[in-house]
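> Structure below; questions to follow.
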């Protein structure tokens, strides 16, 4: 049933060599997921810090805090999408590795499905990076120091 795969260490070694690149990709995706998870955690912590303050404030301070929490909510959505796309990329990469070994084990040709899956992997991780870029730009804009603060001068004391 199985070709010489089980009895041929050379074939196994060749298949492992082919699988190394996608496995390095998995390591990179894992590092990216770690960054995203840390960022999401900090965003959630900041939102939780703001929630009680929103309930206690009124007027312009309340409006400012609401604007901040809306930005945080948008950032949470974006980071969650980046995480989804990165995990999708990892799953597709695993499918590529599985098909590489299935090809070696069965002798069947899965070249086209492997290529399509790898393209889908790159599209998913590329989209995840793009969404992450949008989130980081949104975060950077949200923490910029206002011009009123930068130009503020303390009153001279007599």
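> Go through region 97-139 and count every residue that is touching a helix residue (DSSP H, G or I) at 6+ places or on another chain (Cβ under 8 Å), assigned to a helix (DSSP H, G or I) and over 30 Å from residue 76 (Cα atoms).
Count: 9.
> Checking the conditions here, which among 107, 111 is closer than 30 Å to residue 13 by Cα, touching a residue at least 60 places away in the same chain (Cβ under 8 Å) and loosely packed, with under 14 Cβ neighbours inside 10 Å?
107
> May I pose another question? Quick check on this structure: which one of 31, 67, 102 is closer than 30 Å to residue 17 by Cα, free of Cβ contacts under 8 Å to residues at least 12 places away in the same chain and surrounded by fewer than 12 Cβ atoms within 10 Å (Cβ to Cβ)?
Going through 31, 67, 102 in turn, the sole match is 31.
> Now, a different point. Scan (1) at pLDDT below 95; (2) under 23 Å from the mean Cα position of the chain (by Cα) for the single condition residue 127 breaks and write down its number.
(1)
> Now a separate question. Within region 46-65, which residues are farther than 19 Å from residue 143 by Cβ and in contact with a helix residue (DSSP H, G or I) (Cβ under 8 Å, 6 or more places away or on another chain)?
Listed by number, the residues that qualify are 57, 62.
The values are calculated or read from the model by the stated rules, or taken from the named source; none is laboratory data. For clarity, every value in this text was computed on a predicted model and none was experimentally measured. Glycine also receives a Cβ, built like all others from the backbone with ideal geometry; neighbour counts cover every protein chain displayed.
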